Amino acid sequence: MTRWVVGVGMRAGAKSRDITDAVREVLGGSEIVCLATVDRRAGEPGLMEAAALLGVPVVGFASAQLAAVEVPNPSERTAAALGTSSVAEAAAVLAAGGGPLEVEKTVVSGITVAAVAVES
(Lines give C-alpha, C1' and ligand atoms only; values in the text may rest on other atoms or scores of the structure.)
Protein backbone atom coordinates (compact mmCIF):
# COMPACT_ATOMS: atom_id res chain seq x y z
CA MET A 1 0.00 0.00 0.00
CA THR A 2 1.31 3.42 -0.92
CA ARG A 3 1.53 6.02 1.80
CA TRP A 4 2.26 9.69 1.24
CA VAL A 5 4.62 12.24 2.75
CA VAL A 6 2.87 15.55 2.13
CA GLY A 7 4.57 18.90 1.75
CA VAL A 8 2.39 21.88 2.65
CA GLY A 9 2.87 25.53 1.77
CA MET A 10 0.55 28.09 3.32
CA ARG A 11 0.21 31.61 4.64
CA ALA A 12 0.27 32.34 8.35
CA GLY A 13 -3.16 31.86 9.87
CA ALA A 14 -4.29 29.14 7.46
CA LYS A 15 -7.27 27.19 8.80
CA SER A 16 -7.03 23.47 9.55
CA ARG A 17 -10.10 22.71 7.46
CA ASP A 18 -8.54 24.37 4.40
CA ILE A 19 -5.39 22.31 4.90
CA THR A 20 -7.15 18.98 5.37
CA ASP A 21 -9.53 19.73 2.48
CA ALA A 22 -6.57 20.51 0.20
CA VAL A 23 -4.73 17.32 1.19
CA ARG A 24 -7.83 15.21 0.64
CA GLU A 25 -8.65 16.88 -2.69
CA VAL A 26 -5.16 16.10 -3.98
CA LEU A 27 -4.66 12.64 -2.43
CA GLY A 28 -8.17 11.39 -1.73
CA GLY A 29 -8.41 8.91 1.12
CA SER A 30 -4.81 7.74 0.81
CA GLU A 31 -2.78 7.17 3.96
CA ILE A 32 -0.71 10.18 5.01
CA VAL A 33 2.58 9.66 6.89
CA CYS A 34 3.35 13.26 7.84
CA LEU A 35 2.87 16.90 6.90
CA ALA A 36 6.10 18.76 6.11
CA THR A 37 6.70 22.48 5.72
CA VAL A 38 9.10 25.33 6.39
CA ASP A 39 10.06 25.58 10.06
CA ARG A 40 8.48 29.00 10.51
CA ARG A 41 5.06 27.50 9.68
CA ALA A 42 5.47 24.14 11.47
CA GLY A 43 3.96 25.44 14.71
CA GLU A 44 1.00 27.21 13.10
CA PRO A 45 -2.22 26.29 14.95
CA GLY A 46 -4.07 25.43 11.73
CA LEU A 47 -1.34 23.06 10.56
CA MET A 48 -1.00 21.45 13.98
CA GLU A 49 -4.76 20.88 14.13
CA ALA A 50 -4.83 19.50 10.58
CA ALA A 51 -2.03 17.08 11.48
CA ALA A 52 -3.93 15.99 14.60
CA LEU A 53 -7.08 15.41 12.53
CA LEU A 54 -5.06 13.32 10.06
CA GLY A 55 -3.23 11.52 12.89
CA VAL A 56 0.25 12.46 11.66
CA PRO A 57 3.23 14.51 12.85
CA VAL A 58 4.40 17.84 11.45
CA VAL A 59 7.99 18.07 10.25
CA GLY A 60 9.64 21.46 9.71
CA PHE A 61 12.74 22.33 7.70
CA ALA A 62 14.88 25.46 7.66
CA SER A 63 14.70 27.61 4.53
CA ALA A 64 18.34 26.75 3.73
CA GLN A 65 17.54 23.01 3.78
CA LEU A 66 14.56 23.52 1.48
CA ALA A 67 16.59 25.76 -0.85
CA ALA A 68 19.10 22.94 -1.40
CA VAL A 69 16.44 20.69 -2.97
CA GLU A 70 15.96 20.89 -6.73
CA VAL A 71 12.25 21.06 -7.56
CA PRO A 72 10.29 21.18 -10.82
CA ASN A 73 8.24 24.27 -9.91
CA PRO A 74 10.33 26.90 -8.11
CA SER A 75 8.67 30.18 -7.16
CA GLU A 76 10.44 33.53 -7.26
CA ARG A 77 7.82 34.99 -4.91
CA THR A 78 8.44 32.26 -2.34
CA ALA A 79 12.20 32.73 -2.72
CA ALA A 80 11.88 36.45 -2.04
CA ALA A 81 9.67 35.91 1.02
CA LEU A 82 11.31 32.86 2.60
CA GLY A 83 14.78 32.44 1.13
CA THR A 84 13.79 29.22 -0.65
CA SER A 85 12.06 28.81 -4.00
CA SER A 86 10.00 25.87 -2.74
CA VAL A 87 8.21 24.85 0.42
CA ALA A 88 5.70 22.10 -0.41
CA GLU A 89 7.74 20.23 -3.01
CA ALA A 90 11.08 20.53 -1.22
CA ALA A 91 9.60 19.68 2.20
CA ALA A 92 7.91 16.54 0.82
CA VAL A 93 11.19 15.35 -0.71
CA LEU A 94 13.20 16.04 2.46
CA ALA A 95 10.66 14.45 4.81
CA ALA A 96 10.55 11.33 2.63
CA GLY A 97 14.33 11.03 2.66
CA GLY A 98 14.50 11.70 -1.09
CA GLY A 99 12.29 11.69 -4.14
CA PRO A 100 10.93 11.24 -6.60
CA LEU A 101 8.26 13.87 -6.22
CA GLU A 102 5.17 12.07 -7.53
CA VAL A 103 2.60 14.79 -6.92
CA GLU A 104 3.90 18.19 -7.98
CA LYS A 105 2.64 21.24 -6.19
CA THR A 106 -1.07 21.80 -6.49
CA VAL A 107 -2.80 24.83 -5.00
CA VAL A 108 -6.24 24.33 -3.46
CA SER A 109 -7.90 27.33 -1.77
CA GLY A 110 -4.55 28.97 -1.10
CA ILE A 111 -2.91 25.82 0.32
CA THR A 112 -0.07 24.30 -1.69
CA VAL A 113 0.26 20.51 -1.53
CA ALA A 114 2.95 18.22 -2.99
CA ALA A 115 3.68 14.58 -2.17
CA VAL A 116 6.22 11.78 -2.27
CA ALA A 117 5.10 8.15 -2.05
CA VAL A 118 6.72 5.87 0.50
CA GLU A 119 6.20 2.14 0.69
CA SER A 120 4.70 0.64 3.83
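When the range 1-21 is filtered for residues that are farther than 16 Å from residue 48 by Cβ and among the hydrophobic types (A, V, I, L, M, F, W, C), the ones remaining, listed by number, are 1, 4, 5.
Evaluation of residue 100 against the conditions (1) touching a Cys at 6+ places or on another chain (Cβ under 7 Å); (2) open to solvent by 70 Å² or more (accessible area, probe 1.4 Å); (3) not charged (D, E, K, R) shows that the sole unmet condition is (1). Among the conditions (1) touching a Lys or Arg at 6+ places or on another chain (Cβ under 8 Å); (2) open to solvent by 50 Å² or more (accessible area, probe 1.4 Å), residue 32 misses just one, which is (2). For the range 68-89, does any single residue satisfy the condition of being buried (at least 19 other Cβ atoms within 10 Å of the Cβ), at pLDDT 95 or above and assigned to a helix (DSSP H, G or I)? Yes, because at least one residue in the range 68-89 is buried (at least 19 other Cβ atoms within 10 Å of the Cβ), at pLDDT 95 or above and assigned to a helix (DSSP H, G or I). In summary, residue 117 fulfils each of the numbered conditions (1) in contact with a Lys or Arg (Cβ under 8 Å, 6 or more places away or on another chain); (2) surrounded by 14 or more Cβ atoms within 10 Å (Cβ to Cβ); (3) assigned to a loop (DSSP other than H, G, I, E, B) with the single exception of condition (3).
The values are calculated or read from the model by the stated rules, or taken from the named source; none is laboratory data. As the structure is a prediction and not an experimental result, all values here were calculated from the model. A quick note on method: Cβ atoms are made from the backbone with ideal geometry, for glycine too, and the neighbour counts reach across all protein chains shown. Surface accessibility is based on the protein's heavy atoms, side chains included, excluding ligands, DNA and RNA. Shrake-Rupley method; radii C 1.70, N 1.55, O 1.52, S 1.80 Å.
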